[in-house]
Structures are given as structure tokens and as C-alpha cells.
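The values are calculated or read from the model by the stated rules, or taken from the named source; none is laboratory data. Keep in mind that this is a model prediction, so the values were computed, not measured. Backbone-built Cβ (ideal geometry, glycine too); neighbour counts: all protein chains shown.
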Amino acid sequence: MKRPQMYIVAVLGLCLVGSSACATIVYNDGGTHEINTDVGRIRIYDSSGGAPTTVKMLAGGNVGEVDVFQNSRFIMLDGKLGGGLYLHDYSQGEVSGGIVNADPFALWDFSRLTITGGSVSEGLFCNGNC
């Protein structure tokens, strides 16, 4: 009985550590959150009551990809973004530090992106009044 449990733990560990595509973390409570560890893809939404959610990436943060919706915000102060930063529906993004390695910044529908620092290796795609 112990052997299957150990196997499940090992697979979960590989998924969380070995691949950023394994998990998607959703933030949608209208609060402010900090990321300072490895995570997969993140999605940020307003709360059910309409309050925007803010996610800040700090030193040690390593995110695969970020999608931000509604009026919510993603703030990159440090860390590493391995995939793209996609802003939708009036959302906001700020990059003042860290490394953005791959994929573009993409904005849709009145979203805003401010870049004041960091290392950026890709371009910007804008569609729909951004």
C-alpha cells in the first residue's frame, strides 16, 4: 500500500518542479498576492464582487505564463517569466525588474502595460484600443 502512495507523490513532485505547464494557479479573490517561488501558469481575475486582484512577482519567482483579465493587475518587480504576459479586458501589467525570456507581451481590449526596467527579449502585440 505504501508503494502506490510514494509513486503518486513522486509524480506530483515531477509535475510541480519539472514543468511549468503542469499547473495553472488562479487568483480571483480581489486581494494582493506575492510570488517568490516556481509556479506554472497563472491566471488573474477580478473577484466575484468586482474587486481587482493584484499579483506581484518578487525575487525568486519563476512563472511559466501569465494571463490577466478584467481590471486586475500583474506587477513584475523581479524574478523570471518564461512565457508570455497576456493582458485582456482593461487589465494592467507593470514590469520594473526581472527577466522576461520568451513569447511576447500581448494586450487586448483597453489593457495597459508599463515597462520601466528588467530584461525583455521579445516584442509587443497590441489589439483593440490598448
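Here are the numbers:
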read-out	value
Number of the exception - SER47 against (1) under 20 Å from ASN28 (Cβ atoms); (2) touching a strand residue (DSSP E or B) at 6+ places or on another chain (Cβ under 6 Å)	(2)
Residues that are crowded, with 21+ Cβ neighbours inside 10 Å and β-branched (Val, Ile, Thr), drawn from region 69-117	VAL95, VAL100
THR32 surrounded by fewer than 18 Cβ atoms within 10 Å (Cβ to Cβ), farther than 20 Å from SER111 by Cα and either modelled with pLDDT of 95 or more or under 11 Å from the mean Cα position of the chain (by Cα) (or both)	no
Out of LEU81, LEU77, sole residue that is over 13 Å from ARG43 (Cα atoms) and modelled with pLDDT of 95 or more	LEU77
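Residue by residue, here is whether (1) modelled with pLDDT under 85; (2) under 13 Å from the mean Cα position of the chain (by Cα); (3) under 14 Å from MET57 (Cα atoms) holds:
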| site | (1), (2), (3) |
| --- | --- |
| TYR86 | no, yes, no |
| ASP89 | no, no, no |
| GLY93 | no, yes, yes |
| SER96 | no, no, yes |
| VAL100 | no, yes, yes |
| TRP108 | no, no, no |
| LEU113 | no, no, no |
| VAL120 | yes, no, no |
